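Have a look at the structure below before the remarks.
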Amino acid sequence: MPNEYLSIPEAAAILGISRIAAFKRVKKGALPAIRIGRNWAVPAFAVAAPGGRPAPAAPPAAPHAAPGSDDGGMGEMGWD
C-alpha cells in the first residue's frame, strides 16, 4: 500500500523546492499539511497530480524592489 502522507523533505524533493520553501508554503496555506506530534505530514495527493506527475509549483511571489532602489540592495538578496 503506497504511503498516504509524505514528510516535508519528501514533498519538497518531489516538488523540486527546498525543505525551507516547503515549510513556508505550509505556513502560508499553499501546501496542505497536518501536524503529527512534532512532525508535519503532507498528503500525497497534494504533491502529485493525476498520472503521477508533480503538481505545478505555486506562482512566483511579487518581485522585490528593482536593483538600485533605496532598499539597500535587500531586494536582490531575496529577503522576505
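So for the stretch 63-70 (the condition being surrounded by 10 or more Cβ atoms within 10 Å (Cβ to Cβ) and modelled with pLDDT of 70 or more), does at least one residue qualify? Scanning the stretch 63-70 turns up no residue that is surrounded by 10 or more Cβ atoms within 10 Å (Cβ to Cβ) and modelled with pLDDT of 70 or more.
Filtering the stretch 15-29 to residues that are surrounded by 16 or more Cβ atoms within 10 Å (Cβ to Cβ) and not in a helix (DSSP H, G or I) leaves only Ile17.
The values are calculated or read from the model by the stated rules, or taken from the named source; none is laboratory data. This structure is a prediction, so every number in the text was calculated from the model and none was measured. FYI the Cβ positions are ideal-geometry reconstructions off the backbone, even for glycines, and counts take in every protein chain you see.
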